[in-house]
Structures are given as C-alpha cells and as structure tokens.
Amino acid sequence: MQLVVARIGRAHGIKGEVTVEVRTDEPELRLAPGAVLATDPASAGPLTIETGRVHSGRLLLRFEGVRDRNAAEALRNTLLIADVDPDERPEEPDEYYDHQLMDLDVVLADGTEVGRITEISHLPSQDLFVVERPDGSEVMIPFVEEIVADIDLDAQRAVITPPPGLIDDRAEIASSRDAEDEG
C-alpha cells in the first residue's frame, strides 16, 4: 500500500535542502535518511533522503543528487509516497494510521448508521473524522475517546457516542426509528 507522507515545499538555502509539509504521524520512520520514496508526479523520483533536520520548527530534507537551490525548487509541491505494509500497526494499541481508519463505517452505540470516514483532518488541537452521511452530506467527528468509543478494524467500524447536537439530525434519526417501531 502506498501512502502520501509529505509534500515538498520551498527550497531552503543554496545547497539543495527543501522544507516539507509532513503528512504522517511517524516522520522519524517514514522520512529518515536512506528512505526511498516514490513521488507524484512520478517524473520527480524516486527520491532517496540523504539528510534531515528540524530548523525553526520545520523539517528540512536533502535528497541524493539534489545539490543546489534550483534543483530543490524544481521539486516544490511534489508529493512523497512511502510503501507501507497494510497490516503494519503503530506501537501503541490505541493509535491508528490514517489508512486504517479510512472507509470505516461509523455507527452509534445502538448500531444506527451515521456514515463512512472519508478523510482524517489533523488539527493542532485534535484530529477529526470527516464522515460522509448516507444522504451525501458530511459531519465532522472529533477523534477523542469521549466521543469515539471503539475502533474495530476487523469489523471495519467506528462506534461513536456523540453529545447532543454534534450530529445535526440525530433527533430525526431517533424519531424515524421510533416511527418505524410504531408502524
């Protein structure tokens, strides 16, 4: 399985370093010196990381064969793609890779369907699931243990216990379920 792990930003300095926008929870593993990454567009790579360092809160990388600012600038906006074993799991039992969470069915504790995870948004304060509802609308669910009660990768589902108002039509779901029970 291939995952986008970073996007190359602007050149830094004159010796071929670039800034990168990290898109992985494990940059020390995926973006380490010696890592060979596919690229999008494919014509830019593959690229082998020669060195990496943090400068003013940004990750800077240098790739083998990229020796000057012009060569580095030519890579701007290139996506870096790593090959990942789909069965690989993070070390912590309550952590997940984005690709493991994508397309999980989201249900309430009573089994009521909420939708399907289409995106994970990593914000400074918390991560959010972007969930596509059956009607095509989207709802954002904070990925916090008070709301996401269970992630079952084998069953391909996430069980949530949202507070009132988080899912706008939660009352409608309950009333339509009650109407079905009466009828």
### Query
Within a Cβ distance under 10 Å of Thr19, other residues only, what is the Lys/Arg minus Asp/Glu net charge?
+2
## Note on the structure
the chain: relative contact order from alpha carbon pairs under 8 Å, six or more residues apart, as a whole percent, is 16
### Summary
The local net charge around Arg10, scoring Lys/Arg +1 and Asp/Glu -1 for residues other than Arg10 whose Cβ lies under 9 Å from its Cβ, equals 0
### Between 0 and 90°, nearest 10: helix 170-182 axis offset from the chain longest Cα axis
40
### Task
Go through Ala11, Thr51, Leu79 and say which Cα lies farthest out towards the positive end of the charge dipole of the stretch 2-83; charges sit on Cβ, +1 for Lys and Arg, -1 for Asp and Glu.
Ala11
### Query
The list (i) 87, 37, 31; (ii) 73, 30, 27; (iii) 59, 37, 30 gives values of Cα extents along the principal axes in Å, and only one came from this structure; which label was calculated from it?
(ii)
### Task
Could you check the simple spin-label distance between Asp154 and Ser121, using points 7 Å along Cα→Cβ, in nm with one decimal?
3.3
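Computed from the coordinates by the stated procedures, all read-outs in this text should not be read as laboratory data. Here the structure is a predicted model, which is why all the values come from computation and not from measurement. Heads up, the Cβs are rebuilt from the backbone with ideal geometry, glycines too, and the neighbour counts pull from every protein chain shown.
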